[in-house]
Amino acid sequence: MRVVVDQDLCGTTGQCVLTLPGTFRQREPDGVAEVCAATVPQALLAAVRLAASQCPVAAIRVISDAGDDERASADAAPSPAEPERHAAKDQRNPEGHDGTV
Amino acid sequence: MDVQETKTACRDAFAELASPACIHDPYPFMRWLREHDPVHRAASGLFLLSRHADIYWALTATGDAFRGPAPGELARYFPRAATSLSLNLMASTIAMKDPPTHTRLRRLISRDFTMRQIDNLRPSIARIVAARLDGMAPALERGEAVDLHREFALALPMLVFAELFGLPQDDMFGLAAGIGAIVEGLSPHASDPQLAAADAGSARVQAYFGDLIQRKRTDPRHDIVSMLVGAHDDDADTLSDAELISMLWGMLLGGFTTTAAAIDHAVLAMLAYPEQRHWLQGDAVEVKAFVEEVLRRDAPVLFSATPRIAQRDIELGGVVIPKNADVRVLIAAGNRDPDGFADPDRFDPARFYGTNPGMSTDGKIMLSFGHGIHFCPGAQLARMQLAESLPRIQARFPTLALAEQPTREPSAFLRTFLALPVRLNAQAGG
């Protein structure tokens with residue numbers, strides 16, 4: 001699977017680094033998040049998805065090997081649509097700048 | 001609660017939160033509000049959200065469905081802004097900005113302030129913790145009461161802040177003395193005298209930071225102020241003087257009264273729930289669980305102090321929030337929403353055992369640091385101070401007990417303390 005960080009969107013909170021320090025790191029000196037390796041082992045899929053869903057600005061995108069693109073949605077309908085929100089796929093910024101290294 | 005149970009609507013939740021009953025314990029009212037009027041419209045026109053899902057959504061949608069006030073419309077959202085230094089400073093802080101300005105300022109704060117660099121502060125935080133506890137020990141061991149709030153909970157973040165910002169400790173204590181008044185003046189329902197007191201305090205802080213910036217310009221050190229001054233001098237477009245002062249002012253205000261309150265609440269939780277103290281004797285994962293639960297159950301910031309302005313009509317729970325309305329979020333109510341956290345009034349660190357920071361085992365976000373673009377830049381620093389403090393307090397003073405009931409700051413929107421007198425019990429476990 002591939003993991004990309006939208007570095008224009010990144011809020012530099014470092015939450016992903018605290019969550020999965022082996023997968024994400026903060027660029028020096030500005031603190032923008034980046035992915036440590038271009039591909040991430042499939043065994044980490046659930047953990048990476050969780051980190052993506054927890055990113056305060058939804059800047060993390062997970063591209064599974066099947067090719068589907070997931071990103072925690074930032075602006076879907078408010079409650080009571082929460083379950084749908086998590087399921088929603090955000091296609092707002094498909095050409096977004098990505099931070100894969 | 002008897003009176004509130006019979007109400008069909010609350011006229012102004014902000015006024016209610018400022019009542020003596022809510023200062024004593026705001027949670028019964030918050031529960032009522034969340035259950036009966038979760039998208040509350042106050043008499044003043046402000047909206048207040050109190051459900052976890054709605055707050056989470058509003059925080060996430062900030063910068064998108066919600067924006068900060070534009071400079072030209074400050075008077076609309078802060079009628080007294082024209083004459084208030086504090087409100088003008090607040091309007092210039094990063095918390096009131098939208099991208100791309102927000103992004104530019106945020107990157108400056110995060111510069112040289114990454115998780116790795118915060119982690120590098122751990123030894124000096126541990127050293128300050130040990131020194132403050134050593135300082136309290138003689139009086140406690142003589143059987144005297146000590147104000148843990150002033151001697152420890154407030155002193156620790158102040159000393160950490162002084163180190164980070166390169167301030168002499170005496171200057172820091174001088175600045176800190178005026179902060180409570182400033183913060184209170186920023187509450188949406190602050191009285192004119194409260195705002196005047198805030199402005200007097202802000203003027204002193206502004207003058208101090210003006211001098212400090214000059215000192216750091218001529219004699220830069222390895223601290224945040226020097227770094228920001230350097231960013232300013234390298235490229236004046238990057239950070240204006242006004243932005244620099246308001247940024248420092250904002251970090252001073254947000255920086256340590258909240259951390260102090262979290263430490264106070266953590267100590268109160270240790271004393272109230274001795275059966276949960278084992279979490280503090282465990283490893284870092286267990287300590288983290290205790291810390292997160294303290295932050296969830298007793299959010300230091302009850303509701304957001306900065307406006308989130310609706311970009312369009314927004315329907316939420318059957319209520320239409322009109323375009324341009326000022327929306328606030330009652331973070332403390334969201335943290336106690338049973339739809340976010342089961343049995344929410346219960347203090348139960350297990351909800352955060354082995355999870356990502358700020359996320360429960362059910363995958364719900366703890367709201368005390370916010371979410372979205374304005375997520376607290378000091379979150380990890382605060383967490384580290386709590387994690388370094390609590391196990392040491394417990395190990396050093398296992399018979400710690402309340403000497404008197406703590407005194408709370410009479411604030412509608414901050415759950416902070418004036419005093420937390422403690423003593424040692426003569427008999428262990430007594």
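Counting heavy atoms of the protein chains alone, B:Lys97 has an accessible area of about 50 Å² for a 1.4 Å probe. Extension gain, B:Glu35 to B:Asp211: 0.36 nm times the residue separation minus the Cα-Cα distance gives 58.4 nm.
Shape class for the range B:273-430: prolate, because the ratio a/c of the largest to smallest gyration tensor axis (alpha-carbon atoms, square roots of eigenvalues) is 1.5 or more and a/b beats b/c. Of all the options B:Ala61, B:Ala262, B:Ala95, the one that moves most in a Gaussian network model of chain B with Cα springs shorter than 10 angstrom is B:Ala61. Converting phi to 3J(HN,Hα) with the Karplus coefficients 6.51, -1.76 and 1.60 and the offset θ = phi - 60°, the range B:82-93 yields 4, 10, 10, 4, 4, 5, 5, 5, 4, 5, 8, 6 Hz in sequence order, with x at every glycine or proline. By the gyration tensor of its Cα atoms, with a ≥ b ≥ c the square roots of the eigenvalues, what is the shape of chain B: rounded for a/c under 1.5, prolate for a/b over b/c, or oblate? Oblate, since a/c reaches 1.5 and b/c is not below a/b. Taking a ≥ b ≥ c as the square roots of the eigenvalues of the Cα gyration tensor of the protein assembly as shown, is the shape rounded (a/c under 1.5), prolate (a/b larger than b/c) or oblate? Taking the square roots of the gyration eigenvalues as a ≥ b ≥ c, the protein assembly as shown is rounded.
Think of the protein assembly as shown as having a plus end and a minus end, set by charges on the Cβ of Lys, Arg, Asp and Glu; of B:Phe78, B:Leu148, B:Leu212, B:Leu148 sits farthest toward the positive end of this dipole.
Only protein heavy atoms count here; under a 1.4 Å probe, B:Met136 has an accessible surface of about 10 Å². Computed extension gain for B:Ala395 through B:Asp12, at 0.36 nm per residue and net of the alpha carbon distance, reaches 133.4 nm. Considering helices alone, the calculated mean residue ellipticity of chain B at 222 nm is -15000 deg cm²/dmol, with DSSP H runs of length four and up weighted by -39500 (n - 2.57) and normalised per residue. Mean sequence separation of contacting Cα pairs (under 8 Å, at least six apart), scaled by the length of chain B, corresponds to a relative contact order of 24 percent.
The values are calculated or read from the model by the stated rules, or taken from the named source; none is laboratory data. In this text the structure is predicted, and so the values were computed from the model without any measurement. Reconstructed Cβ throughout: ideal geometry from the backbone, glycine too, with neighbour counts over all protein chains shown. Side chains are part of the model used for accessible areas, which takes the heavy atoms of the whole protein and leaves out ligands, DNA and RNA. Shrake-Rupley method; radii C 1.70, N 1.55, O 1.52, S 1.80 Å.
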